[in-house]
Each structure stands twice: as C-alpha cells, then as structure tokens.
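Notes follow once the structure below has been shown.
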Amino acid sequence: MSHHFVKYTNVHYRYEDGTEALKGVDFKVTHGERVALLGLNGSGKSTLLLLTDALLFPSEGEVNVGDVPVTKKTAETIRRSVGFVFQDPDDMLFMPSIYDDVAFGPRNMNLPEQEVERRVNKSLQEVGLKGMEEKSAYQLSGGQRRSAAIACVLSMEPDILLLDEPSANLDARARRSLIELLKGFKHTIILATHDLEMAEELCERTVILSEGVVAFDGNTSQIFSDPEILKNVGLL
Amino acid sequence: MTKLEKAYLAVNNIDRIRRRTDSSPVILLVTIIYLIAVLSVPVDRPQGIVWLAAYPVIASEMQGIGYGKVFVKSIWILPLLVIIGVFNPIFDKVTVLHIGSLAVNRGWLTFISIIFRGLLSFQAVILMILTTGFIDIFNMMRKVGFPSVLCTQMLLSYRYLFVILEEAIVMKRAREARGYGRKAYPFSMWGRFIGQLLMKSTRRATGIHRAMMARGFSGTLPLGAKYSWNKRSWIWLISWTAVIALLRFMDFSKIITEIIVR
Ligand SMILES: Nc1ncnc2c1ncn2[C@@H]1O[C@H](COP(=O)(O)OP(=O)(O)O)[C@@H](O)[C@H]1O
Ligand SMILES: [Mg+2]
C-alpha cells in the first residue's frame, strides 16, 4: 500500500437494532492529509471510524484504504496499516503494565521481541511516557492514559491514524500537549472531535457529519468565517 | 471508599505490584507442587502442615515482597476457612491428645488443620500472583501445556470481571450522588440496576474487544519473550521441590519434641 488514502463511496451502516448510523457517506482523504470529523453526538463519527479500521463493514457502499477495499477478508491487512485510538483509553489498556499494553499490537504482529522492545521504547518516548513502562494504566492520569493509548497504536507503525474524540476528558494542559504531539505526526489523520479549536489548529480540512450524511466538506477556516455552517448542523 | 471499591482495589492491586523480573513458569510449577504437598497432609495432623509455612515465608522474602504483605493479603480468607472448619470441633469429639490436663479432641485438630492448609495454600497462590500477575500466569499455564484457547478464555473472563466491577462502582457512585442519603432500595430498583449493569458492561466489553481486534488480536494472546527458563529457574525448581518434599515427609514436630524431651 504505497498510497495512504481513504475513500468512502456511498457508505451506509445499519446497526443490528435497525439504527441507521450512516446513510450514504462520500468523501476521500488523501495521503498525508489531516481531516477533522465534526458532528453532534450520534451523527455517526465513531461508526465511520470503526468502518475505516475494518471493525464494522458497510451494509452498502464501499470503504477503501489505499487500494484495498475494507472487507472481512482484508481486515487483517487493513488493521495493520490503520491505527485506531479509541475514545475511551481504558478500552485499550488492559494488560498489567503500560509496557505490555504498548507491546500488545507488535506482539500480535509476531515481531521478534527485540523489535517489539525497540518499538515500545520509541512510542513511549514519543508520547512522553518514558519511564512509565512498569506502571499500570490505573496509576496514570487521564492525560497520560490518553498518551499511552496513542503509544499503543504508534508502536504498530500505522500509515493512517484514526482518533476518536482524543481531547475528551482532558484538562487544558493535557489537551495542549496532545495537540502539540499530533502536530508532529506525519501520518494521514482522521480526527473525530467536538473540539473546534483543536480541529482548527490541526486540520486544514473539516468534514461535518449530520445524521449519517456529510453536511459540509471544506476548509476548516471556512467554518470559522461562516457561522451558518455550524448553526445548520446544530454545532453552534 | 465503599466496600465495593475496596474489594476492587484489593484484587486489582495484587495484579499491579508484580515485578517483571522473575516471570517464569517455574513459579507456577513450584506453586502446584506446594499445593499438592499441603493438601496431601492428613487433616488430623496440623503439626505436619506447620512446617510447610517455610515456603511462603522464605520464598516471599527471597522474591523481595516480604512475608508480611503476603500474610496481610491472605487473612481475608480466614472467615471462609472458619465457616468450613467450624463444625469439626462440635461433631468430632474423640479425644486424641492431652496437653496438661486439657483434653484435645480430633475436631479441634482438624479445625486448626483446615485453617492452616487454607491459609498456606492461599499464601502460596498470592505469592505467585504478586510475583507474576494473573495475565502472566495464564500465559505460563499455556507455556506448560494448558490449551491456549482455555487460557485466553480465562484471561478474558478475568478482564471482564473487572469491567463489570468498574461499571458497578461508577453506577453505585452515580446512584449515591442522587440518593440523598437513602440506604435501602426497593427490589425492583435492584432489577433495573443489574439490567443496566449488564448492558453497560457488555458495551464496555465490546469496546475492549474491538480495541484488541484493532491491534491484531486473533484469539490468542501474544507471549512475550520474557517468560524465560534459565539456570536460575532450574535451581529454584529443584531446591524448592526438595525442601517442600523434606518438609512434607520428615516429621519435624516429632524430631524436635524428642530433642526437647531429651
Ligand atoms: N452498537 C450500537 N447499536 C445500535 N446503535 C448504535 C450502536 N452504536 C451506535 N449506535 C447509533 O448509531 C448512531 C451513530 O453513533 P456514533 O457513530 O457513535 O455517533 P458519534 O460517534 O458521532 O457520536 C447513533 O444514533 C447511535 O445511537
Ligand atoms: Mg463517538
């Protein structure tokens, strides 16, 4: 996969209970781009991210990551190149120590333990958690847990990063350092968030979801110059 | 802190303070050997069990944990042991021993014996968990031949237990915050509480499962290379097996009594 793009073509998703979370989503994220995904609660942001990491599959339409269509068969390949930072870091930290949590992905990839160690150290370094290897998630602050969750994904060296409301439940300082951290990333990034400022600072482009469809797709700066855009989808 | 939270922390902490160094299946093997030794001592011979305390005492010191910590963690099983053993002194009144003018019946001996063997077995297990952590233990079970599906299942159930507990704590707090000091709740509300708890913990478990899948989990947990078996493991295994066998089969009580009497 030389091209780290993501393409959504008429994507529909219906949950088992009949809820139509996505009703025809179309857009494309190109290599190295950072896109903010805005929308009210329940607008389908998380669902779209789950589809992008082959954790759910479209009921209709298609998601492509690079040249590979997201299907059950390609799930393993997709998950290797797409890193997903879940909304709740506690979902991602379940091993007895941070080290083991961050090593979980690389070990699943059957990398030699030496390489696992290199990646764990590097990822922890990047998110500023060096020296916390032996701690358990439970001993970390909210911001540190978020960083640990990000390290868990970085250690898999993905091409594309999905982040689901990463600044939720962070205090101002932790949020600041998260933004600085993400600024340094070269990955293609899709960032689902309610945090308008964060979107503005990190992403040139914004896609707004409203009730399962794309309500806006354009420059982030446009949103700030034209309040109608946010008003129309209830974000203001 | 509520009782629920205390219980949660008690179990969780056990898993958390383990050190990574001595993670090797040898601890699991020695623990199994020790349990067999303790449980095979006849119930009416508490004097045969006392000496086996040497293992948890010495091994926990050698592991740098300290017997005090292990002991404190082990005493909360006492009530359970008392319940199991309490009827023995009442029903089994055959006198077996005289201490001065005091007649000791067999019921008391078995009672003491049950307390000792329960406490010591539990201490050995705690020591194992403290040095290795549950997750490693499940992994080691795999290393020494338990089916990997079973171990992963156990591991996930173990994790799920925490998920439920965590959700229960959150819900209990929320309830208390709105309860205006109310202590008792009608039965119907408990039904709802449990229903909600199941729903929430299912959602949480789904999240965890997804997060595992997203990182390449395919049914078996990856083993780290740190579960090593080296010369130290052999030394630990052989010397403890020897010591435990010695303590189990030599009648130290008798030897010492004889020395004192003489
Ligand atoms: N597991 C599920 N079962 C049924 N409906 C769900 C499930 N998860 C989410 N939904 C519904 O799908 C819609 C989109 O949810 P979601 O993608 O989580 O939105 P967002 O992340 O933007 O808040 C909502 O109406 C939500 O209630
Ligand atoms: Mg969401």
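The values are calculated or read from the model by the stated rules, or taken from the named source; none is laboratory data. Computed from a predicted model, the values in this text were never measured in an experiment. Note: ideal-geometry Cβ built from the backbone for every residue, glycine included; neighbour counts use all protein chains shown. Keep in mind that these areas ignore ligands, DNA and RNA; they rest on the heavy atoms of the full protein, side chains included. Shrake-Rupley method; radii C 1.70, N 1.55, O 1.52, S 1.80 Å.
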Next item on the list: Between the chain alone and the structure with every protein chain in place, find the residues of the stretch B:123-164 that drop at least 40 Å² of accessible area; heavy atoms, 1.4 Å probe.
Entry: B:I135, B:R159
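Take peptide A:44-51, look around each residue's Cβ out to 10 angstrom, count Cβ atoms belonging to other protein chains, and average those counts.
On the way: counts 0, 0, 0, 0, 0, 0, 2, 0.
Per residue, the average neighbour count from other chains is 0.
Counting only C-alpha contacts under 8 Å and six or more residues apart, can you give the relative contact order of chain A as a whole percent? Mind dumping the intermediate values first?
Details: 452 pairs, mean separation 62.1, N = 236.
Value for chain A: 26 percent.
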Next item on the list: Output the peptides A:78-84, A:136-142 sorted from most to least packed, where packing is the average of other Cβ atoms within 10 Å over each peptide's residues.
Entry: A:78-84, A:136-142
Next item on the list: Over every pair of different alpha-carbon atoms in the stretch A:173-226, take the mean of 1/r and invert it; report that Kirkwood radius in Å.
Entry: 12.1 Å
Margin query: List the residues of the stretch A:64-96 for which accessible area in the full set of protein chains is at least 20 Å² lower than for the chain on its own; 1.4 Å probe, protein heavy atoms only.
Written below: A:R79, A:F86, A:D90, A:D91, A:M92, A:F94, A:M95, A:P96
Next item on the list: For A:K72, list the lysines whose Cα falls under 24 Å from its own Cα; do not include residues on the same chain fewer than 8 positions away.
Entry: A:K7, A:K23, A:K28, A:K45
Checklist line | Total accessible surface hidden between B and A, rounded to 100 Å², 1.4 Å probe | finding: 2600 Å²
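As a test of the formula, what do you get for chain A when each DSSP H run with n ≥ 4 contributes -39,500 (n - 2.57) and the sum is divided by the residue count, at 222 nm and rounded to the nearest 500 deg cm²/dmol? Please report the intermediate quantities before stating the final value.
On the way: 9 runs with 84 residues, N = 236.
Result for chain A, helices only: -10000 deg cm²/dmol.
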Next item on the list: Excluding residues fewer than 8 places away in the same chain, name every one of the aspartates and glutamates whose C-alpha is closer than 18 Å to that of B:K73.
Entry: B:E5, B:D15, B:E61
Next item on the list: For A:K73, go through the aspartates and glutamates and keep the ones whose alpha-carbon is under 19 Å away, minus same-chain ones fewer than eight residues off.
Entry: A:D53, A:E60, A:E62
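For the stretch A:5-232, count the residues as N, evaluate 2.2 N^0.38 Å, and divide the Cα radius of gyration by that value, please. Write out the running numbers ahead of the final one.
Numbers: Rg = 17.4 Å, N = 228, 2.2 N^0.38 = 17.3 Å.
Compactness ratio reported: 1.00.
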Notebook entry, point to check: In chain A, which longest range has no GluC sites (Glu not before Pro) that are both DSSP loop (not H, G, I, E or B) and surrounded by at most 14 other Cβ atoms within 10 Å?
Noted result: A:17-203
Note to self: Check which residues have an amide H placed less than 5 Å from A:Y13's amide H, if you skip close sequence neighbours.
What the structure shows: A:A21, A:L22, A:K23, A:G24, A:S59
Next item on the list: Leaving ligands, DNA and RNA out of it, work out the accessible area of A:D17 with a 1.4 Å probe and give it in Å² to the nearest 10.
Entry: 120 Å²
Checklist line | With DNA, RNA and ligands ignored, accessible area of B:H209 (1.4 Å probe; Å², nearest 10) | finding: 90 Å²
Checklist line | Tensor-based shape of the stretch A:15-66 (alpha-carbon gyration tensor, a/c under 1.5 rounded, otherwise prolate or oblate) | finding: oblate
Next item on the list: On each of the three principal axes of the Cα atoms of the protein assembly as shown, give max minus min coordinate, whole Å, ordered largest first.
Entry: 100, 59, 40
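Let me confirm one metric for peptide A:102-115, namely the mean number of other chain beta-carbon atoms within 10 Å of its residues' beta-carbons.
Values: counts 1, 3, 8, 6, 3, 8, 9, 3, 2, 1, 1, 5, 1, 0.
Averaged over the peptide's residues, the number is 4.
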Check: Between the stretch B:115-166 and the stretch A:6-41, what's the alpha-carbon centroid distance in Å?
Finding: 42 Å
Check: For the stretch A:1-42, with equal point scatterers placed on the C-alpha atoms only and solvent neglected, what are the log10 I(q)/I(0) values from the Debye formula at q = 0.15 1/Å, to two decimals?
Finding: -0.51
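Considering only protein heavy atoms and a 1.4 Å probe, what is the carbon-and-sulfur percentage of the accessible area of the stretch A:19-93? Show your work: numbers first, answer last.
Numbers: 1300 of 2850 Å².
In the stretch A:19-93, the share of accessible area belonging to carbon and sulfur is 45 percent.
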Next item on the list: Find, among the trypsin sites (Lys or Arg not before Pro) in the stretch A:114-211, those assigned to loop by DSSP (not H, G, I, E, B) with at most 14 other beta-carbon atoms within 10 angstrom.
Entry: A:K130, A:K186
